[in-house]
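Q: Encoded as C-alpha cells, here's the structure I'll be asking about.
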Amino acid sequence: MKKSLIALAIASAAMAGSAYAANVEVYGLIDTSLAYVYADPDAAGHDGEGKFTMENAREFGSRFGLRGSEDLGNGMKVGFVLESGIKSDSGELDQGGRLFGREAHINLTGDFGYLAFGLQPVFGSTLGQHGLFRAIDPLFANYTEAFGSGHASASMWTRVDNAISYVTPNWAGFNFYGMYSFENDSTKTYERNADEGSSGVDRYAALAARYQQGALEMVAVYDTTMYGNDRAAATKYDDNGQTFTFGGNYTFGNGLKVLAFGQWFKDQELGRRAGVMSGALKAHGIVDGSDVGNYGFVDGYGVSLGVNYPIGGGVAKAQVAYRDMENQNDIEFNRWTIAAAYDYPLSKRTAVYAMTGYTQESMEGTVDSKKVDADPSGYEFTVGMVHRF
C-alpha cells in the first residue's frame, strides 16, 4: 500500500510538472435550467402539450476541457484544444457520447495567422475561438425550443470533423477565414465503404470575413455542404447546400448594442432546431416518426434584429426574427419569433438568466395528396444558472 501511494504521488507530481511546462489549462462551464415549454401543432386530433423539465445548456453548452500551448520561438506557438460536451442534468456525455465531441484540434499561430487541424466549430456558429455568429446573435439561446437565432436561419450552428481552418492576421480591422472538412461527421456513413474526402461522404467548405473598428463589428460567412453521391439525389436543384450570412452589431455610447443579420440559403439540409415545431411536422405528415424535427432540404431566407442593453447590473436582451423557406417537396414554411431575456452576474464566474419567447410557423403544401394549411405555435419560459471554472 505504501509503495502504491508513493508511486501515485510521484506520478501526480510528474503530471503537474508536465502540465506546467506545457502550459495546460483545465476549464469548463456548467449551465443548468428549469424550463416550461408549450407546443400546439394545430392539427386535428392532436392537442397542445406543455412540459416542465430540468434542462442542460439552454444558454451555453455545458463542457469541460483541456487547452494548452508551447512557445516555439520566432513568434510561433503550437496549441491544442480537447473539449467534451456534458449534460449537466444527467452527467452523460453530449454530442452522441463522444469523449471530445465539442472540439479536438491542434493549432499553429504566428505572424502568418492561425492554422488548425481536427474537429472544429464552424465559423457560422457561436462556438469556439472563431464562431463569428457571436457578432450577430442577441440572445445566445440556441439550445432553446421556442426561440433563438437558429430558428431564423438554416445554418448548422455546430462543428465538423476532419477540418482544416485558417485565419489571417488582422489587416486594418479585417480578418479573413477559410475552412475545409474532408468528412463532416465520421459517425455517419451514408455510402457503404466510402472514403474520407471522397464524393461518397458529406464534405464542407467555408469562407468568411470579419471587420471590427471601434463600436462597429461586421461579419460575412459563406459556406457549402457537398453532400455524398447518394444524398445529393434528395436535393431539388444543385448538389451542394449553401448559406450566405451578413450582419453585425453597433454599440452606442449609452451601452445599447444593436445586432442584425440576414441569411440566404439554398438546398440546405435543415434536420434540427425545429423545437416546438417538431410535433407539428410529424402530426401533418411532413416527416415520419424517425425524422422528427427534419424539414428536409430547404431554400429561402431569414432575418433577425436584436438589442442588448445594460440595466440593473445585468444585461437585458430582445430579438424579433423571421424565416421564409420551402423544402424539396414544395412545403412552404414562414416562421415568426419574438424573444426576451435578462442575464445577471452574481460574480465573475457565475450568472443567472431568465428567457422567454414565442414562435409561430405557417405550413402550406401537399403531403400524400392531402393539403396542409396550419399555423402551429409554441412558447417557452426558462430560468437557469451558468458557472465557469
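Q: Inside the stretch 219-236, can you point out the residues that are open to solvent by 10 Å² or more (accessible area, probe 1.4 Å) and in contact with a Lys or Arg (Cβ under 7 Å, 6 or more places away or on another chain)?
A: M226 - this is the single residue of the stretch 219-236 that is open to solvent by 10 Å² or more (accessible area, probe 1.4 Å) and in contact with a Lys or Arg (Cβ under 7 Å, 6 or more places away or on another chain).
Q: What tally of residues in the stretch 299-330 results from selecting those that are in contact with a Phe, Trp or Tyr (Cβ under 8 Å, 6 or more places away or on another chain), more than 16 Å from G262 (Cβ to Cβ) and among the hydrophobic types (A, V, I, L, M, F, W, C)?
A: Count: 2.
Q: While we're looking at this one, here's another question. Hey, R58 hits all of (1) among the basic types (K, R); (2) open to solvent by 60 Å² or more (accessible area, probe 1.4 Å); (3) in a loop (DSSP other than H, G, I, E, B) but one; which does it fall short on?
A: With respect to (1) among the basic types (K, R); (2) open to solvent by 60 Å² or more (accessible area, probe 1.4 Å); (3) in a loop (DSSP other than H, G, I, E, B), R58 is out only on (2).
Q: Among the residues of the stretch 187-213, which ones are open to solvent by 60 Å² or more (accessible area, probe 1.4 Å), at pLDDT below 95 and of a type outside the set (D, E, K, R)?
A: Scanning the stretch 187-213 gives T187, T189, Y190, N193.
Q: Quick one: R272 ticks every box in (1) at pLDDT 95 or above; (2) part of a loop (DSSP other than H, G, I, E, B); (3) open to solvent by 40 Å² or more (accessible area, probe 1.4 Å) except a single one, so which number is it?
A: (1)
Q: Just checking, does the stretch 158-175 include any residue being in contact with a helix residue (DSSP H, G or I) (Cβ under 8 Å, 6 or more places away or on another chain) and open to solvent by less than 60 Å² (accessible area, probe 1.4 Å)?
A: Here is the first cut: in the stretch 158-175, the ones in contact with a helix residue (DSSP H, G or I) (Cβ under 8 Å, 6 or more places away or on another chain) are none.
Looking for residues that are in contact with a helix residue (DSSP H, G or I) (Cβ under 8 Å, 6 or more places away or on another chain) and open to solvent by less than 60 Å² (accessible area, probe 1.4 Å), one finds none in the stretch 158-175, hence no.
Q: Do you know which residues across the stretch 61-118 are charged (D, E, K, R), under 25 Å from S186 (Cα atoms) and surrounded by 14 or more Cβ atoms within 10 Å (Cβ to Cβ)? Don't jump to the end; show me each part of the working.
A: In the first step, residues of the stretch 61-118 are kept if they are charged (D, E, K, R); the result is 63, 67, 70-71, 77, 83, 87, 89, 92, 94, 98, 102-103, 111.
Checking the rest, the ones that are also under 25 Å from S186 (Cα atoms) come to 63, 67, 83, 87, 92, 94, 98, 102-103.
If the condition is that a residue be charged (D, E, K, R), under 25 Å from S186 (Cα atoms) and surrounded by 14 or more Cβ atoms within 10 Å (Cβ to Cβ), then R63, R67, E83, K87, D94, R98, R102, E103 are the ones that fit.
Q: Hey, can you tell me all the residues within the stretch 243-259 that are surrounded by fewer than 18 Cβ atoms within 10 Å (Cβ to Cβ) and on the phi < 0 side of the Ramachandran plot? Show your work before the answer.
A: Narrowing the stretch 243-259 to residues surrounded by fewer than 18 Cβ atoms within 10 Å (Cβ to Cβ): 244, 246, 250-256, 258.
F244, F246, Y250, T251, F252, G253, N254, L256, V258 - these are the residues of the stretch 243-259 that are surrounded by fewer than 18 Cβ atoms within 10 Å (Cβ to Cβ) and on the phi < 0 side of the Ramachandran plot.
The values are calculated or read from the model by the stated rules, or taken from the named source; none is laboratory data. Bear in mind that the values here come from a model prediction, so they are computed numbers and not experimental data. Glycine also receives a Cβ, built like all others from the backbone with ideal geometry; neighbour counts cover every protein chain displayed. Each accessible area value is taken on the protein alone, full model and side chains, heavy atoms only, with ligands, DNA and RNA left out. Shrake-Rupley method; radii C 1.70, N 1.55, O 1.52, S 1.80 Å.
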